[in-house]
Amino acid sequence: MRARFIAFLSGLLALLLATPVRAQEEGLVLQLTRDWGYGGGKDIQGLFSLKASGPDDLRRVEFYLDETLLFTDTEPPFRFQFNTDNYPLGEHTLYAIGYTADGRQLHSRRIQVNFVTPETGWKTVGKIVGPILAFVVLAMLITTVAPFLGGSRKATLPAGAPRTYPLGGGICPRCQRPFAFHLWGLNLLGGKFDRCPYCGRWSLVRRRSLEELRAAERAELANAMTPPAESEEERLKRALDDSRYQNL
Ligand SMILES: [Zn+2]
């Protein structure tokens, strides 16, 4: 499951980043790179560059689209940048012919491409990115709406009370109380996105071992014991202050 997710992510990354298509060949090496736009298999759209390299005595490179000469470069780096939108849609063959100082003619490999409309390109990207965006929006919606939906229903469990963790559990980063994960909690990398039943807040909670959860239950109890001792002291101090005024 995780391996598939990683494969999916790297696939997406490869699609979004410029992907040099390179073939090692004798003579003239031709590379097609995406500078900006869409590239999925043969389908391309946007700003692309053709780069040619060859022997040291390479003097001139002609870049072709089908039988049409697009550009002649007489200085290295031999490069031609083009926008697919400026050419007819559909199947095309890209190639280059190089000329050396001693008059040799070098032919590059032929790159088969299919120029698509920006709409087609982005629609395909949307099919991949769409679900991710939907998930992010959903997660944001849950965090925004959930406190209003379930916020009033907070569990009241006495501090230190032992509880069960059938689906595992974590410690709320907000109120520090340990709680059992819910069925609806979203599994995310490194933890669960779940709602703490005590403070009602949603957060990414790390999965803890049972020993850690039990320790947190005991800590809860210790925390519950301490505050009254402090407030008692404060109450006494206040009483003392009050009595001083009464004496005047
Ligand atoms: Zn909490």
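What follows is calculated from the coordinates using simple rules that are stated; it is not laboratory data. Please read all numbers here as calculations on a predicted model, not as lab measurements. Note that we place each Cβ from the backbone using ideal geometry, even for glycine, and neighbour counts take in every protein chain shown.
Could you work out how much longer the chain between Met225 and Val136 gets when fully extended? Use 0.36 nm per residue separation minus the Cα distance between them, nm to one decimal. Kindly include the intermediate steps, with their values, before the conclusion.
Values: separation 89, 0.36 × 89 = 32.04 nm, distance 4.08 nm.
Contour length minus Cα-Cα distance gives 28.0 nm.
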remark   = Given a Förster distance of 51 Å, the FRET efficiency implied by the Cβ-Cβ spacing of Asp102 and Lys123, rounded to the nearest 0.05, works out to 0.55
request  = Rank these for me by crowding, Val137, Val129, Val29, going from fewest to most other beta carbons within 10 Å.
outcome  = Val137, Val129, Val29
query = Where does each of Phe193, Phe78 land when they are ranked from fewest to most other beta-carbon atoms within 10 angstrom?
reply = Phe193, Phe78
remark   = Looking only at lysines whose Cα falls under 17 Å of Lys42's and that sit 8 or more positions away or on another chain, we get Lys123
task = Mind checking which lysines have their Cα closer than 22 Å to the Cα of Lys192? Skip sequence neighbours fewer than 8 apart in that chain.
result = Lys154
